[in-house]
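Notes follow the structure.
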Amino acid sequence: MTVISSNLGYPRLGEHREWKHLLEHYWRQQLTASEFHAQAKTLRLANLAKQQRLGVDLIPVGDNSDYDHVLDTLAAFGAVPTRFGHFDHALNLDNYYAIARGTKTAVAAEMTKWFNINYHYIVPEFDDVDFQLLDNRWLRYYQEAKTELGIDGKPVILGPVSFLKLGKRHGQYLDDVAVSELLPKLLPLYVQVFAELAQAGAKWVQIDEPTLVKTTDPAELAPYHHALIALHEAVPTLNIELQTYFDSLDLYDEIVTWPVQALGLDLVHDHGENLAHLQQSGFPADKILAAGIIDGHNVWASDLQQKFALVQQLQAIVGADRPLWLQPANSLLHVPITTNNETDADPVLLGGLAFADQKLQELHTLTTAANDGISAIQAEFDRNAANLAALNQSSHRNNQAVRAAEVQLPQQTFERQAPFATRIKLQHDRLHLPLLPTTTIGSFPQSKLVRAKRAAWRKGNLSDTDYQAFLHAETKRWIDLQNKLGLDVLVHGEFERTDMVEYFGQKLTGFYATQNGWVQSYGSRGVRPPVIFGDVAYTEPITVAESVYAQSLTAKPVKGMLTAPLTIINWSFVRDDIPKAQVQNQIALALRQEVQNLEQAGIKIIQVDEPALREGLPLKQRHWQAYLDEAVYSFKITTTGVKNDTQIHTHMCYSNFSDIIDTIKALDADVISIETSRSHGEIISAFEQNGYDKEIGLGVYDIHSPRVPSVAEIQANITRALRVIDARQFWINPDCGLKTRQEPETLAALKNMVAARDAVAQQL
Ligand code: GLN
Ligand code: ZN
């Protein structure tokens, strides 16, 4: 058998989110540590046994976690920040969770996005660490799989250089100097882990170095290369699979010469570049190509014919008699587990979906086809072709009105009628706002009651009328509260929404809300991204009724509140039969109608949130411009269909804006609000250096903690911003939406915010 299937990692959550509940029960002290460990083991073994049943030849072990794999790595190597204590033995559960979740006396470690995936890892702090191997968890899990299930697994370990580069020292991500200082201390511990694995009989280890895909400068390769040489020389009997994912290797020609026995490449999210490298430079005869051919962060069934052609192409490159591994392009951690529980889905859609288990089945089918010939699995190929044809030919993907609108796009221009200078005068005349107007970003607390009512309504225990009446009552209560606080531009509060995407998906065509499509976002937190499977069309108003109702209760302007196309795309699973940009434009055309309907209904200000703009940036800078251009285009499709005196706002969450400031300007929004208060003035200085002529609200207090900021503190934030931004341009708002806050602290903070504005305005 020259072709085998291999997996890189399996979802932790459990088909019914058993893992989430396990963690949370332990945190709530409903389980003892030994009960926790017993149940975690049951789940771990079930996940392994399932992969065995699905026919995976090389099964990953040690990819399981009690929270996050970067946290596991730092706990294993004793890289625990000293504020959590000093350890000379393996961490117990409480010590482990203290790092992730904080304690009364120690703040939790920072969490940040894992590459361009909506998964968040714990950021290691390498300030004063003294590495020591506290726990060879890889050995433990390797042995467990072997004894309990007879699985000779492939331990998965985060590579030393990626581990270091994903962490910070003195608040900064490690640069090459810092990496070269710390690597010699860490490497002997990796050697020990490898030696113990080899001794226990392990044949392979998968060492993940995902930061390699971001490396374009050959000088940066040295530490990776050095580490692999050291590991290989110290433990030559253990075969190394060097695994990369999420993009291509720019420095393929160099990396492919390193002393590893298998090289894992992403052949899905690589812009075709890895395949081009293979074609141009070939693949060495002394290594195994571990080909990531199945999409590891989307939910679509592969076209098996097409994938099989790719497999044959790869075989031709590596040599037909050479071993070849077929893999998902990245760990399946980032996709839901199985489509078996999507019992409500339209069968036409279901046939086109593949979650983790179905992807492993695809690999098994392709492996069989490669080894035994296509006739062995002809029936499966036929079924797959029929399923994909049914979905592609279905009415979901052939909406003639959407097609017609798309054809029109290139002939249209999407610009506001008049330039900003003209518009803003008209808007001022119409809105009568004071200097330094106050507002909020949209959502007010989603209290227990709000969530309970929604849950009851969803279960059918609360009628539509009663639910509507409740939502109205809550909006009315908050309109009154906002009036009492003295805010200038009000919002309806977003009580009808769980998040920023789901509600839009429910009102537009082409979206499917999964029943069980959970993926881990961070820790025990799962999200269920909607699946955009068909043409997106506007069939009914989405938010108009809520905004109009809120506006009917007050003389002050109420802001309409929408989510921009790019953010909807970034937080969904998007169909892959047409370019993403095309789907984005479909959404934009639909939202354009919503914006116009809001305007027609008398809404004078409309905010179109684009919080995901920066987090969705491609990993390689050379792909940024296309992405940003598309973001601007779809935002302008959405927002330019209004009159000059309708004010368009947008909102973005914290990020480093200096490098995308041109994009922010190009959006041509009349007012932008940006999360600021945790950025230590970086954002303010970015605007100072680059100039900005439109109106802007830089968040004047952090909404991520229940802490109520004092008037003086907010005042200081405002004064600081006014040093670089003209008071006539400046808005006063909190950093972000207030959905996750409690009511008392929200009211107290907003009261102080208005008072701070008043104090500053008096001195102007
Ligand atoms: N309008 C959204 C809300 O308030 C914006 C959320 C955000 O800040 N990301 O919830
Ligand atoms: Zn925000």
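From the list PRO618, PRO579, PRO565, the one residue that fits, being surrounded by 24 or more Cβ atoms within 10 Å (Cβ to Cβ), under 25 Å from ASP535 (Cα atoms) and more than 16 Å from ligand 2 (Cβ to nearest atom), is PRO565. Among the residues of the range 400-445, those that are of a type in the set (Val, Ile, Thr), closer than 22 Å to PHE635 by Cβ and within 16 Å of ligand 1 (Cβ to nearest atom) comprise THR439, THR440, ILE441. The residue list VAL544, VAL501 contains one member that is within 16 Å of ligand 2 (Cβ to nearest atom) and in contact with a helix residue (DSSP H, G or I) (Cβ under 7 Å, 6 or more places away or on another chain), which is VAL501.
Taken over the range 676-690, residues that are away from ligand 2 (no atom under 16 Å from the Cβ), touching a residue at least 40 places away in the same chain (Cβ under 8 Å) and not in a helix (DSSP H, G or I) amount to 0. Residue count for the range 693-749, restricted to those that are away from ligand 2 (no atom under 16 Å from the Cβ) and of a type in the set (A, V, I, L, M): 13. Only one of the listed residues (LEU363, LEU353) is buried (at least 19 other Cβ atoms within 10 Å of the Cβ) and more than 24 Å from the chain's Cα centre (by Cα). That residue is LEU363. Which residue is nearest to ligand 1 (Cβ to nearest atom), if the candidates are limited to the range 726-736 and must be surrounded by fewer than 24 Cβ atoms within 10 Å (Cβ to Cβ) and either of a type outside the set (A, V, I, L, M, F, W, C) or under 13 Å from ASP702 (Cα atoms) (or both)? Among them, the one singled out is GLN729.
Hey, among the residues in the range 439-464 that are polar (S, T, N, Q) and within 31 Å of the chain's Cα centre (by Cα), which one's surrounded by the fewest Cβ atoms within 10 Å (Cβ to Cβ)? Before the answer, list the steps.
The first filter runs over the range 439-464 and keeps only residues polar (S, T, N, Q), leaving 439-440, 443, 446-447, 461, 463.
Okay, now just the ones that are also within 31 Å of the chain's Cα centre (by Cα), so 439-440, 443, 446-447.
Values: THR439: 26, THR440: 26, SER443: 21, GLN446: 21, SER447: 14.
Looking at the filtered set, the residue picked out is SER447.
From the list VAL548, VAL536, the lone residue that is away from ligand 1 (no atom under 16 Å from the Cβ) and in the same structural domain as LEU471 (by the TED database) is VAL548.
Could you please find all residues in the range 234-284 being among the hydroxyl-bearing types (Ser, Thr, Tyr) and either over 24 Å from ILE117 (Cβ atoms) or without any contact (Cβ under 8 Å) to a residue 12 or more places away in the chain (or both)?
Here is the first cut: in the range 234-284, the residues among the hydroxyl-bearing types (Ser, Thr, Tyr) are 237, 244-245, 248, 252, 257, 281.
Of everything in the range 234-284, those that are among the hydroxyl-bearing types (Ser, Thr, Tyr) and either over 24 Å from ILE117 (Cβ atoms) or without any contact (Cβ under 8 Å) to a residue 12 or more places away in the chain (or both) turn out to be THR237, THR257, SER281.
Looking at the range 705-713, can you tell me whether even one residue there is more than 16 Å from ligand 1 (Cβ to nearest atom) and within 19 Å of ILE648 (Cα to Cα)? The answer is no; no qualifying residue exists.
GLY296 falls short on exactly one of the conditions (1) closer than 27 Å to ALA198 by Cα; (2) buried (at least 22 other Cβ atoms within 10 Å of the Cβ), and that condition is (1).
Conditions tested, residue by residue: (1) more than 27 Å from ALA550 (Cβ to Cβ); (2) in the same structural domain as ILE648 (by the TED database); (3) within 16 Å of ligand 2 (Cβ to nearest atom).
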site: VAL407; (1), (2), (3): yes, no, no
site: PRO410; (1), (2), (3): yes, no, no
site: PHE414; (1), (2), (3): yes, no, no
site: LYS425; (1), (2), (3): no, yes, no
site: ASP429; (1), (2), (3): no, yes, no
site: LEU436; (1), (2), (3): no, yes, no
site: PHE444; (1), (2), (3): no, yes, yes
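Taking the listed residues ASN570, ASN597, the one that is within 16 Å of ligand 2 (Cβ to nearest atom) and surrounded by fewer than 24 Cβ atoms within 10 Å (Cβ to Cβ) is ASN570, with no other qualifying.
Which residue is surrounded by the fewest Cβ atoms within 10 Å (Cβ to Cβ), if the candidates are limited to the range 480-496 and must be hydrophobic (A, V, I, L, M, F, W, C) and either more than 19 Å from ILE732 (Cβ to Cβ) or within 12 Å of ligand 1 (Cβ to nearest atom) (or both)?
Quick first cut of the range 480-496, residues hydrophobic (A, V, I, L, M, F, W, C) only: 481, 485, 487, 489-491, 495.
With the extra rule that they be either more than 19 Å from ILE732 (Cβ to Cβ) or within 12 Å of ligand 1 (Cβ to nearest atom) (or both), the set shrinks to 491, 495.
On the way: VAL491: 27, PHE495: 25.
My answer is PHE495.
Tell me, yes or no, whether the range 678-693 has at least one residue that is under 21 Å from PHE444 (Cβ atoms) and either acidic (Asp, Glu) or in contact with a helix residue (DSSP H, G or I) (Cβ under 8 Å, 6 or more places away or on another chain) (or both). No; the residues of the range 678-693 include none that is under 21 Å from PHE444 (Cβ atoms) and either acidic (Asp, Glu) or in contact with a helix residue (DSSP H, G or I) (Cβ under 8 Å, 6 or more places away or on another chain) (or both). Tell me whether the range 749-757 contains one or more residues that are out of contact with any Asp or Glu (no Cβ under 9 Å at 6 or more places or on another chain), of a type in the set (Gly, Ala, Ser) and within 15 Å of ligand 1 (Cβ to nearest atom). The answer is yes, given that some residue of the range 749-757 is out of contact with any Asp or Glu (no Cβ under 9 Å at 6 or more places or on another chain), of a type in the set (Gly, Ala, Ser) and within 15 Å of ligand 1 (Cβ to nearest atom). With the structure loaded, tell me whether LEU133 is in a loop (DSSP other than H, G, I, E, B), farther than 30 Å from PHE573 by Cβ and of a type in the set (A, V, I, L, M, F, W, C) or whether it fails that test. Yes: the conditions hold for LEU133.
When residues in the range 683-703 are screened for being farther than 15 Å from MET652 by Cα and either modelled with pLDDT under 90 or in contact with a His (Cβ under 7 Å, 6 or more places away or on another chain) (or both), 6 of them pass.
Just to be sure I understand the filter: pairs with C-beta atoms under 9 Å, separated by 6 or more residues or on different chains, first member in the range 472-485 and more than 13 Å from GLN446 (Cα to Cα), second member among the acidic types (Asp, Glu) and at pLDDT 95 or above. Which pairs pass? The qualifying pairs are HIS472/GLU546; LEU481/GLU743.
With the condition kept exactly as written, say whether any residue in the range 544-560 is of a type in the set (Lys, Arg), touching a residue at least 40 places away in the same chain (Cβ under 8 Å) and buried (at least 22 other Cβ atoms within 10 Å of the Cβ). Lay out the reasoning, then the answer.
Filtering the range 544-560 down to residues of a type in the set (Lys, Arg) leaves 556, 559.
Remaining after also requiring touching a residue at least 40 places away in the same chain (Cβ under 8 Å): 556, 559.
From what's left, buried (at least 22 other Cβ atoms within 10 Å of the Cβ): 559.
Yes, there is a match, as at least one residue in the range 544-560 is of a type in the set (Lys, Arg), touching a residue at least 40 places away in the same chain (Cβ under 8 Å) and buried (at least 22 other Cβ atoms within 10 Å of the Cβ).
The values are calculated or read from the model by the stated rules, or taken from the named source; none is laboratory data. Since this is a predicted model, take the numbers as computed values, not measurements. Here the Cβ is made from the backbone with ideal geometry for all residues, glycine too, and neighbour counts use every protein chain on show.
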